[in-house]
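**Student:** Structure in structure tokens, see below.
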Amino acid sequence: MLSSFAQLRQQLHQSGPRSAVVAAAQDEHTLQAVLAARRDGPILVGPPDQLRPLLDRLGASVPDEDLVPAGTEAECAARAVALVRQGRGSLLIKGRLSTGALLGAVVDRAGGIRGDGLLSHVAILEVPAYHKLLYITDGGLVVAPGLEEKRAILRNALSLCRFLGYERPKAAALCAAETVSHRMPETGDAAALREEGERGDFGPCLVEGPISLDLATSAEAARLKGYCSPVAGDADILLVPSIAAGNLLGKALYGLAGGKMAGVVLGASVPIALNSRGASWEEKYNSILICTAMSRR
């Protein structure tokens, strides 16, 4: 069990440097995070007239060949992805551009870097009111996943947890109720995932569902409601029914509840560090650290 980002950083700090490509690197927090995580020469894509003053202010020196000029968001995304395709980067980092612009280049049929499976986003959160890190998926990519997509999303999140050392991750397929109802199709999906987990389809893990958020994260709520499950009150992964649910949940825990967040995209040919443009440098650093470690697999 990982209880905090500090513990996670301690576990990953020996992962070693890897080459990174930063799309639209003209962002101070992103540059701070990149330079703190790796001093081995990141490739920075963006407007040179904005990049150089930032680097000077941060006291960093980057060779001319590692500054790749690009203007618009689309240009920054396309050139960064092209560099990864050329083998010049083992991970991709989002800078000052929209998620849509970056992922549009990632999934482009002609020049993208899609892997064989489904691309999905995992938000890793440290929340003061919870006793360990939470992995929320997918609140950033797959809009309205069906059962087959939820299987792939769950597999991606389980893969991340196992990489981070979890022997038997606990996953909660979140719904608004704990019983299957034809009026809420996501409850049927959750029950199917639970049955598949019990069969061993996802490897060593525990999958519970349908289960509500309070039961997944509060042992006391589960006790009061008489809900018996080893996942209740101790979930690692929160599998949400839609991008709207995941986005709202992640931002509520991150903003109103005072949490810290990292974000990664899985399923591409390289790990992608993806945070909000308003994220702190520390949050971006945590995302880069995870992706750096994963790129060594």
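The values are calculated or read from the model by the stated rules, or taken from the named source; none is laboratory data. None of the values given here were measured: they were computed from a predicted structure. Virtual Cβ from ideal backbone geometry, glycine too; neighbours counted across all protein chains shown. Heavy atoms of the whole protein, side chains included, go into the accessibility calculation; ligands, DNA and RNA do not. Shrake-Rupley method; radii C 1.70, N 1.55, O 1.52, S 1.80 Å.
**Student:** Using the Cβ atoms and a cut-off under 13 Å, what net charge is assigned to the surroundings of LEU215, where Lys and Arg are +1 and Asp and Glu are -1?
**Tutor:** Neighbourhood net charge equals -2.
**Student:** Working from Cα positions, state the angle (0 to 90°, nearest 10) between the long axis of helix 28-37 and the longest principal axis of the chain.
**Tutor:** That works out to roughly 80 degrees.
**Student:** So what is the accessible area of the chain per residue, in Å², with the probe set to 1.4 Å?
**Tutor:** 43 Å²
**Student:** Hey, another quick one. At 20 °C and 1.002 mPa s, grab the translational diffusion coefficient of segment 28-183 from Stokes-Einstein with a Kirkwood Rh over Cα pairs, rounded to a whole number in µm² per second.
**Tutor:** Reported coefficient: 117 µm²/s.
**Student:** Below 17 Å Cα-Cα, how many Lys pairs turn up in the chain? Only count pairs eight or more apart in sequence, or on different chains, if you could.
**Tutor:** Within the chain, the lysine pair count is 7.
**Student:** Assuming a ≥ b ≥ c are the square roots of the Cα gyration tensor eigenvalues, decide whether segment 191-297 counts as rounded (a/c under 1.5), prolate (otherwise, with a/b larger than b/c) or oblate.
**Tutor:** Taking the square roots of the gyration eigenvalues as a ≥ b ≥ c, segment 191-297 is oblate.
**Student:** If contacts are Cα pairs under 8 angstrom and at least 6 residues apart, what is the relative contact order of segment 155-297 in percent?
**Tutor:** With pairs under 8 Å counted, the relative contact order is 20 percent.
**Student:** Treating only the Cβ atoms of Lys and Arg (+1) and Asp and Glu (-1) as charged, compute the dipole magnitude of segment 238-297 about its Cα centre; round to the nearest 20 debye.
**Tutor:** Roughly 100 debye, rounded to the nearest 20.
**Student:** Continuing with this model, one more query. For segment 79-161, calculate the relative contact order in percent as a whole number, restricting contacts to Cα pairs under 8 Å that are 6 or more residues apart.
**Tutor:** Relative contact order here is 21 percent.
**Student:** With angles folded into 0 to 90 degrees, how steeply does helix 147-163 sit against the dominant principal axis of the chain? Use alpha carbons for both and round to 10.
**Tutor:** The two axes meet at around 70 degrees.
**Student:** With 15 Å as the cut-off, how large is the P(r) tail for segment 48-108, expressed as percent of Cα-Cα pairs?
**Tutor:** Beyond 15 Å sits 54 percent of the P(r) for segment 48-108.
**Student:** Before anything else, pin down the relative contact order of segment 67-220: Cα pairs under 8 Å, at least 6 apart, normalised by residue count, whole percent.
**Tutor:** In percent, rounded to a whole number, it is 15.
**Student:** Rounding to the nearest 10 and keeping the result within 0 to 90°, find how far the Cα-based axis of helix 48-57 lies from the longest principal axis of the chain.
**Tutor:** In the chain, helix 48-57 runs at an angle near 80 degrees to the longest axis.
**Student:** How big is the gap, in Å, between the Cα center of segment 179-212 and the Cα center of segment 55-85?
**Tutor:** If you average the Cα positions of each part, the centres end up 44 Å apart.
**Student:** Moving on to the next point. Only four residue types carry charge here, +1 at the Cβ of Lys and Arg and -1 at the Cβ of Asp and Glu. Report the dipole size of the chain about the Cα centre in Debye, rounded to the nearest 20.
**Tutor:** That gives a dipole near 380 debye.
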